[in-house]
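Since the structure comes first, as structure tokens, the remarks are kept for the end.
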Ligand SMILES: [Zn+2]
């Protein structure tokens, strides 16, 4: 599955306004594998899936001048906008509920927002950094946010 929602493009539009194509898509690199399939089937699925997606993105770029930015999607399904990352945040395939701040939302929409936010965070969004590096950065950011919040509260 590709999570590619031009959120910023549509966020301020009313229902009556004509929706036009976005100038840019932000997508995550998808693995295209399934644990129940054989190694050979996973390789076939991965190769076909990547080829189909790559060709579609190339045609969007050529035909409609829509740019694509592919980002690292590690922990995008488990992370919240408050910065808390936990596998338990994902209640089901479609439901997200943050165990820290209580945010509830459609899991795919929330993940797309996380991916979109990474488009301006190079040390999180880089395609080829390890999952461990992404998790370390997310935890560091969450702790920093809590410190800043605590400092602001104690200054009042
Ligand atoms: Zn949260």
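Computed from the coordinates by the stated procedures, all read-outs in this text should not be read as laboratory data. Nothing here was measured: the structure is a model prediction, and the numbers come from that model. Neighbour counts run over all protein chains shown; Cβ positions are idealised from the backbone, glycine included.
If I ask for residues that are within 16 Å of the ligand (Cβ to nearest atom) and crowded, with 18+ Cβ neighbours inside 10 Å, which ones from segment 55-89 would you list?
Matches in segment 55-89: 75, 76, 77, 78, 79, 80, 83, 84, 85, 89.
Would you mind telling me which numbered condition in (1) more than 12 Å from the ligand (Cβ to nearest atom); (2) within 17 Å of residue 30 (Cβ to Cβ) residue 114 fails?
Failed condition: (1).
Tell me, yes or no, whether segment 100-109 has at least one residue that is in contact (Cβ under 8 Å) with a residue 24 or more places away in the chain, under 20 Å from residue 32 (Cβ atoms), away from the ligand (no atom under 13 Å from the Cβ) and touching a helix residue (DSSP H, G or I) at 6+ places or on another chain (Cβ under 8 Å).
Taking every residue of segment 100-109 in turn, none turns out to be in contact (Cβ under 8 Å) with a residue 24 or more places away in the chain, under 20 Å from residue 32 (Cβ atoms), away from the ligand (no atom under 13 Å from the Cβ) and touching a helix residue (DSSP H, G or I) at 6+ places or on another chain (Cβ under 8 Å).
Considering only residues that are surrounded by fewer than 19 Cβ atoms within 10 Å (Cβ to Cβ) and touching a residue at least 60 places away in the same chain (Cβ under 8 Å), look in segment 114-137 and name the one that is farthest from residue 79 (Cα to Cα).
So the residue we want is 127.
For segment 90-99, which positions are within 12 Å of the ligand (Cβ to nearest atom) and either over 15 Å from the mean Cα position of the chain (by Cα) or farther than 23 Å from residue 29 by Cβ (or both)?
97, 98, 99, listed by residue number.
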